[in-house]
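The values are calculated or read from the model by the stated rules, or taken from the named source; none is laboratory data. Since this is a predicted model, take the numbers as computed values, not measurements. Neighbour counts run over all protein chains shown; Cβ positions are idealised from the backbone, glycine included.
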Amino acid sequence: MYKVVRRALAAGSALIACSLAFGASAQDAVKIGVIYPLTGNAASAGNHAKMAAELAADIINNGDPELAKLMPIAKGGGLSGLKGAKIQILSADNQGTPQAGANQALRLITQEKVAALVGSYQSGITQTESAVAEKYSIPFVAPESTAADLTERGLKWFFRTTPVSVNFAQAYASFLKEQKAAGQKIDSIAIVYENTEYGTGTAAAIADLFGKEGFNVAMKLPYAANGPDVQPQVLQLKEKNPSVVIFISYTADAILYAKTMKELNWKPTILMADDAGFNDPAFVKAMGAQVEGLVSRSAFADGKPGSIAAIVDALYKKKSGGDGLDDGSARAIQGFLALADAINRAGSTDPNKIREALIATDMPSDQMVAGYNGVKYDAKGQNTLGSSLVIQMRGGKYVPVWPKAKATADIVLPYKGWSQ
């Protein structure tokens, strides 16, 4: 009996030692939770954002000789500030729902013990996930979610790298003023928006600014996201016939609207999109040839050969199997890199030290993958150096057309759509 007990104790000691060894090994890695919609209505965008985060981690862990000349963090070997600790991504699927997102955030924080969270594309889901992070005092970085009120909640642990709806509204207003001066008909504007946090918040910001700028917002047309039919909305547009329509929609809705407009044979003078579903590679593949002249916004443009943007784009194409960086994936990788930079400077996985490093972030424009002027947060956690450009669908792909300093092609109007 004694021998059996002694053998059991010895086996138990071995198991404990093994467990401790694995625990020490696991602690050497910096765990970052990455939460995106990997299934559901926005799955294409979510999976591209996840790949972008994975690429960022790979660049930091393994390095790239070309990027290393331009970005110190791309030298490889892990995070130098943590003695070469590698980044370990723990990805989670929020299924495109706020509750699932909150549950995944809770799991990653309490069970997986992540040092920080990144996500989550859709503003309404970022809202619930970041609330969980706030409760547990864990840094949350939002690379893409643009609803203005996300940084108006008084949170201490929330940081956002992307420009927001007010910034986009200002860009749209300046762009449309130039087109009006050039002779385009801009006498009435319709805003079509899905009824989640992203849609309602963005529509309100655009309508408010446009009103101040003297534009006639003749229609504000909300609709239920992920519905099976948008014919009633398109028929209303056809009846009122506004000269400019701005869509605020995720991927499935964007495809459905484009198809329905073609079926009902209606086109405005200028068709605009607030990024999101209209920039998703899935939309571009499905509808690009049928929406010639569609105008959208982006934080990313193909860079010159040898630039950070060009090098990272090539690496992303290799990882994705052919898809280059789009606006969403470029903003995702930029947000992840900004978080990694802060962790590296913190030299610790202590959430308080990471938060302090995030507050002190001051990344220059020449370190950007996205076309930002840099990353520097205000007291609310909003990046004050974010910027965007206007792109246009030409021959099945987007090209920068505004402002002129960042354009690679001239704007072509009116909107052509399917009749080219």
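So which helices (runs of 4 or more DSSP H) are wholly in region 206-309 and hold at least 3 residues that are of a type in the set (V, I, T)? Give the derivation first.
Values: elements: 231-240, 251-263, 281-287.
In region 206-309, the matching helices (runs of 4 or more DSSP H) lie at 251-263.
Can you tell me which condition N41 does not meet? The list is (1) part of a loop (DSSP other than H, G, I, E, B); (2) under 30 Å from A131 (Cβ atoms); (3) without any contact (Cβ under 8 Å) to a residue 60 or more places away in the chain, and all the others hold.
(3)
Which count do you get for residues in region 294-307 that are surrounded by fewer than 19 Cβ atoms within 10 Å (Cβ to Cβ) and not polar (S, T, N, Q)? Quick ask: steps written out before the conclusion?
Our first condition is that a residue be surrounded by fewer than 19 Cβ atoms within 10 Å (Cβ to Cβ); within region 294-307, this holds for 302-307.
The next check asks that each one be not polar (S, T, N, Q); those that pass are 302-306.
The number of residues fulfilling the criteria is 5.
Hey, could you check region 262-290 for residues that are more than 20 Å from the chain's Cα centre (by Cα) and under 23 Å from Y198 (Cα atoms) and say which is modelled with the lowest pLDDT? Lay out the reasoning, then the answer.
The initial filter retains those residues of region 262-290 that are more than 20 Å from the chain's Cα centre (by Cα), namely 262-271, 286-290.
Next, from what is left, pick out any that are under 23 Å from Y198 (Cα atoms): 270-271, 287.
Working: I270: 96, L271: 96, M287: 92.
That would be M287.
Which of the following residues is closer than 23 Å to V166 by Cα, surrounded by fewer than 22 Cβ atoms within 10 Å (Cβ to Cβ), of a type in the set (A, V, I, L, M) and over 22 Å from the mean Cα position of the chain (by Cα): A409, A405, A379?
A405
Every residue in region 71-105 that is in a loop (DSSP other than H, G, I, E, B) and more than 18 Å from A342 (Cα to Cα), please. First the steps, then the outcome.
Step one: of region 71-105, the residues in a loop (DSSP other than H, G, I, E, B) are 71, 76-78, 83-84, 86, 94-97.
If the condition is that a residue be in a loop (DSSP other than H, G, I, E, B) and more than 18 Å from A342 (Cα to Cα), then N94, Q95, G96, T97 are the ones that fit.
Could you please give the count of residues in region 177-191 that are touching a residue at least 24 places away in the same chain (Cβ under 8 Å) and not in a loop (DSSP other than H, G, I, E, B)?
6
Which members of region 98-155 meet the condition of being without any contact (Cβ under 8 Å) to a residue 60 or more places away in the chain, touching a Ser or Thr at 6+ places or on another chain (Cβ under 8 Å) and farther than 29 Å from I206 by Cβ?
Y136
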